[in-house]
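Asker: One structure follows; several queries about it will come next.
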Amino acid sequence: MTLRLIFVRHGLSSFNKEGRIQGRNDLSILTEEGQTQAEAAGKTIASIPIDAIYSSPLQRAAETTKIIINQHKSTLQAIYTDDLLEVDLGLWSGLTKKELKNLYPEKLIIWEKEPKELSINRKDGTNFQPIKELFVQAENFLKSLMKTYSNKTILIVAHNAILRCLILKLINEPSKGFRRLKLDNTSISILNVDFKSWEDRQVQIQCLNNIAHLRPTLPKKSGNKRIILVRHGETDWNKQGKFQGQIDIPLNQNGKMQATAASEFLKNVLIQKAFSSSLSRPRETAEIILKEHPGITLCLKDTLKEIGHGRWEGKLESEIKADWPDLLKTWKIQPEKVQMPEGENIQDVSKRSITGWKEICNDMKNDETALVVAHDAVNKTILCHLLGLTASEIWMIKQGNGGITVIDLSEKEEQPDIITCLNITSHLGGIIDSTAAGAL
């Protein structure tokens with residue numbers, strides 16, 4: 001059974017604009033800008049058939065939902081459920097961030113470092129842990145969906161914290177996960193879930209925090225250093241489903257068009273540095289993107305080369321299945337247990353990819369943005385590392401040809417870097433990633 005879950009955060013609210021903590025109160029309403037954002041999100045989603053719509057009943061989310069339904073021209077009625085209410089922040093609700101800092105400085109430090117451990121008082125004086133409660137709420141909602149639907153597409157409109165908890169619950173709640181994600185107003189995130197039960201589920205993040213329907217099309221920087229991670233454009237072997245690995249296959253015509261589309265999407269982004277795998281398909285992709293950014297020297301890194309598939313390279317999946325049926329089956333389920341015949345394993349790739357990633361991060365100065373172009377498995381291992389996942393969980397991450405991911409580097413050692421958006425492919429013709437699937 002499969003579910004496609006489309007998560008949308010509500011539009012800009014009055015409390016968002018004023019810099020106030022919203023929480024679970026219902027005093028905040030959509031601004032005019034928030035209404036415009038919701039219309040844009042609705043137009044983007046309009047081409048996707050929706051089987052059910054769930055929404056928080058709080059007015060900033062409920063109004064966003066109504067606008068999206070109107071744009072979608074759907075006859076569906078939204079189901080408003082308290083399971084999608086925003087986090088209860090008790091006495092904090094309504095305060096500005098400055099007031100919060102003055103009144104609860106020690107609690108605020110916990111909130112910023114590890115929000116799951118925060119304990120605060122409700123208005124009735126009782127003490128509770130808001131994020132831990134929210135994770136329970138998120139799990140209950142997801143289990144209910146799985147019992148109700150199969151092979152359906154579900155739209156879910158809610159709030160920043162509850163949406164983060166829903167996404168994190170689906171990917172097994174990685175350490176410090178709450179601070180690893182960013183969700184902007186009317187951002188669209190899509191996850192695909194194959195399941196027999198809650199415990200037996202396979203999740204793929206197709207995209208996170210896509211705001212390509214807004215202007216600007218990428219979220220604001222969360223820090224001083226930003227890396228734009230791109231997967232190379234399509235090759236003939238991608239299209240045919242052949243395992244490429246480290247065989248140096250160039251871009252095909254469609255791949256060059258994908259790189260050109262990525263270049264157009266990124267042309268207004270100030271880029272100061274650029275890095276690429278030393279193989280030709282990412283190098284060509286990077287060079288095409290950099291046509292809009294003249295004067296930048298492209299640094300080639302062997303650490304970013306694709307996984308070495310060894311004797312699998314150049315073969316179709318059907319050919320591999322004929323000679324290594326058990327190994328191929330294991331690769332699709334437990335990639336960490338596979339040693340490629342005369343090639344690498346996923347731990348090898350993860351180790352060198354993360355080494356290369358850290359070298360790039362250490363090379364960056366404040367206020368710089370770097371372009372990094374690499375491969376499917378390389379990008380996936382880097383993103384697993386940044387999300388707090390292990391290399392064994394690479395199938396949770398989608399990286400389409402020409403897809404764009406943005407990471408904002410943390411300015412504090414104890415804080416993780418932020419996945420600002422992941423696998424944006426809107427510049428290739430739609431919010432659903434329709435790039436070549438299959439072999440790496």
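Laboratory data are not the source of any read-out in this text; all were calculated from the coordinates shown. Model, not experiment: these values are computed from the prediction. Heads up, the Cβs are rebuilt from the backbone with ideal geometry, glycines too, and the neighbour counts pull from every protein chain shown.
Asker: On a full-extension model of 0.36 nm per residue, what is the gain between E18 and N224, subtracting their alpha-carbon distance, rounded to one decimal in nm?
Answerer: My answer for the length gained is 71.8 nm.
Asker: Quick one: which of K242/K267; K256/K351; K169/K332; K101/K412 span more than 27 angstrom between C-alpha atoms?
Answerer: Listed pairs above 27 Å: K242/K267; K256/K351.
Asker: Treating region 1-158 as a set of equal point scatterers at the Cα positions, no solvent, please give the Debye-formula log₁₀ I(q)/I(0) at q = 0.10, 0.15, 0.18 Å⁻¹.
Answerer: -0.41, -0.87, -1.12
Asker: Using alpha carbons only, what's the Rg to Rh ratio of region 73-207 with Rh from Kirkwood?
Answerer: Here the Rg-to-Rh quotient is 1.00.
Asker: Region 218-332: Rg/Rh from Cα coordinates, Kirkwood Rh?
Answerer: A ratio of 1.06.
Asker: Next question. Can you tell me the FRET efficiency between M1 and D124 if r is taken as the Cβ-Cβ distance and R0 is 30 Å, rounded to the nearest 0.05?
Answerer: For M1 and D124, the calculated efficiency is 0.15.
Asker: Something else now. Express the relative contact order of the chain as a whole percentage, based on alpha carbon pairs under 8 Å and six or more residues apart in sequence.
Answerer: Reported as a whole number, the value is 18 percent.
Asker: If Rh is defined by the Kirkwood formula over all Cα pairs and Rg also comes from Cα, what ratio Rg/Rh do you get for the chain?
Answerer: A ratio of 0.97.
Asker: Also, I was wondering about something else. Set the Förster distance to 30 Å, then compute FRET efficiency between K351 and T297 from the Cβ-Cβ distance, nearest 0.05.
Answerer: E(calc), rounded to 0.05, equals 0.65.
Asker: Sort 143-153, 262-272 for me by packing, meaning the mean count of neighbouring Cβ atoms within 10 Å per residue, highest on top.
Answerer: Descending mean neighbour count gives 262-272, 143-153.
Asker: From the square roots a ≥ b ≥ c of the eigenvalues of the alpha-carbon gyration tensor of region 131-243, which class results: rounded (a/c under 1.5), prolate (a/b over b/c), or oblate?
Answerer: oblate
Asker: Quick one: grab Rg to one decimal and Dmax as a whole number for region 174-228, Cα atoms only, in Å.
Answerer: Every Cα atom of region 174-228 included, Rg and Dmax give 14.3, 43 Å.
Asker: Sticking with this one: If you count the DSSP beta bridges with both ends in the chain, what percent of them are antiparallel, to the nearest 5?
Answerer: 50 percent
Asker: Calculate, in nm to one decimal, what E99 and D200 gain on full extension: separation in residues at 0.36 nm each, minus their alpha carbon distance.
Answerer: Full extension from E99 to D200 adds 31.9 nm.
Asker: Still on this structure: Using the crude model of +1 on Lys and Arg Cβ and -1 on Asp and Glu Cβ, and no other charge, please compute the dipole size for the chain relative to its Cα centre, in debye to 20.
Answerer: 480 debye
Asker: How big is the charge dipole of region 225-428 about its Cα centre, in debye rounded to the nearest 20, if each Lys and Arg gets +1 on its Cβ and each Asp and Glu gets -1 on its Cβ?
Answerer: Approximately 260 debye in magnitude.
Asker: Of the options Q137, S280, I171, report the single residue whose Cα projects farthest towards the positive end of the charge dipole of the chain (beta-carbon charges: Lys, Arg +1; Asp, Glu -1).
Answerer: Sorting the options by dipole projection puts first Q137.
Asker: Continuing with the same structure: Which one, L100, N366, G356, is farthest towards the positive end of the dipole of the chain when Lys and Arg carry +1 and Asp and Glu -1 on their Cβ?
Answerer: Farthest towards the positive end: L100.
Asker: For the residue pair N362 and E112, what label-to-label distance in nm results when each label sits 7 Å from Cα along the Cα-to-beta-carbon direction?
Answerer: Result for the modelled spin labels: 2.7 nm.
Asker: For the charge dipole of region 225-428, defined by +1 on Lys and Arg C-beta atoms and -1 on Asp and Glu C-beta atoms about the Cα centroid, which residue among H385, L229, H427 has the Cα displaced farthest towards the positive pole?
Answerer: After comparing all options, I get H427.
Asker: On to the next question. How high is the relative contact order of region 173-305, in percent, with contacts defined as C-alpha pairs under 8 Å that are six or more residues apart?
Answerer: Dividing the mean separation by the residue count of region 173-305 yields 17 percent.
Asker: Assuming a viscosity of 1.002 mPa s and a temperature of 20 °C, what translational diffusion coefficient in µm² per second does Stokes-Einstein assign to region 225-428, Rh being the Kirkwood radius over Cα pairs?
Answerer: In µm²/s, the coefficient is 125.
Asker: Measuring from centroid to centroid over Cα atoms, what is the spacing of region 203-232 and region 372-440 in Å?
Answerer: Centre-to-centre distance over Cα atoms comes out at 10 Å.
Asker: Now a separate question. If I model a spin label at I48 and T81 as a point 7 Å from the Cα along the Cα→Cβ vector, what separation in nanometres do I get?
Answerer: Using points 7 Å along Cα→Cβ, the separation is 1.7 nm.
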